[in-house]
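Novice: So that we are looking at the same thing, I have put the structure below in structure tokens.
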Amino acid sequence: MTPAILPTRLDLVRGDADDLSVAAVFQGVPVDLSSVSLMWWTVKYRHGDPDSAAVMMKTRLTGGIIVTDAVNGLATVHIEGSDWAGYTGIGQLVWDLQIVSPASPLPKPITLAQGPLVVLQDVTRASS
């Protein structure tokens with residue numbers, strides 16, 4: 001049985017680069033990420049949207065998620081300013097962090113964190 005996940009609100013400024021620290025935890029215990037290659041951080045308009053319609057999707061396989069301390073379940077999601085290119089609005093989106101782990105007792109796949117993502121309007125548009 002998967003425990004209830006308390007939503008975590010994120011506030012990001014549209015167009016900004018950012019590094020988000022994430023902790024993979026299951027039932028209060030850090031998840032060892034040493035053998036986890038399938039890891040996603042996804043942002044969508046609505047929960048039911050297909051992955052192909054995601055505003056932003058970062059994966060460990062493509063380098064958008066960097067594991068910083070595998071044994072303690074720590075990683076960084078790296079967001080580039082260009083990741084916002086397809087998104088022109090402001091307001092609330094939804095996000096989650098999901099993995100597929102070969103280790104028991106983790107269900108496959110499992111969502112470790114999720115919540116609303118509030119996109120704030122950027123003021124300055126200059127980038128150089």
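Novice: Show me, for the range 50-66, the HN-Hα J-couplings you get by feeding each phi into the Karplus relation (A = 6.51, B = -1.76, C = 1.60, θ = phi - 60°), rounded to Hz, glycine and proline as x.
Specialist: Karplus values, whole Hz, x for Gly and Pro: x, 4, 5, 9, 4, 5, 7, 9, 10, 9, 6, 5, 9, x, x, 10, 10.
Novice: Whats the longest run of the chain with zero trypsin sites (Lys or Arg not before Pro) that are DSSP loop and have at most 16 other Cβ atoms within 10 Å?
Specialist: 47-124
Novice: Work out the FRET efficiency for A85 and D11 from their Cβ-Cβ distance, taking R0 = 25 Å, and round it to the nearest 0.05. Intermediate values should be presented prior to the final figure.
Specialist: On the way: r = 20 Å, r/R0 = 0.80.
Efficiency computed from Cβ-Cβ geometry: 0.80.
Novice: Given the options L33, I65, A53, identify the residue whose Cα lies farthest towards the positive end of the charge dipole of the range 1-109 (+1 on Cβ of Lys, Arg; -1 on Cβ of Asp, Glu).
Specialist: A53
Novice: Could you give the dipole magnitude of the chain about its Cα centre, charging the beta-carbon of Lys and Arg +1 and that of Asp and Glu -1, in debye to the nearest 20?
Specialist: 280
Novice: Sticking with this structure for a sec: Which length gain, in nm to one decimal place, applies between D49 and D19 when the Cα-Cα distance is subtracted from 0.36 nm times their residue separation?
Specialist: Contour length minus Cα-Cα distance gives 8.3 nm.
Novice: For the range 10-120, what relative contact order do you get, as a whole percent, if you take Cα pairs closer than 8 Å and at least 6 residues apart?
Specialist: Taking the mean separation of contacting Cα pairs over the length of the range 10-120, I get 36 percent.
Novice: For the chain, rounded, prolate or oblate, judged on the Cα gyration tensor with a ≥ b ≥ c (square roots of eigenvalues), a/c < 1.5 rounded, else prolate if a/b > b/c?
Specialist: Since a/c reaches 1.5 and a/b is larger than b/c, the shape of the chain is classed as prolate.
Novice: Starting from the Cα-Cα distance between T111 and V29, subtract it from 0.36 nm times their residue separation and give me the gain in nm to one decimal.
Specialist: 28.1 nm
Just so you know, all these numbers are worked out from the coordinates, no wet-lab data involved. In this text, all values refer to a predicted model and were calculated from it rather than measured experimentally. Please note: Cβ atoms are built from the backbone with ideal geometry, for glycine as well, and neighbour counts cover all protein chains shown.
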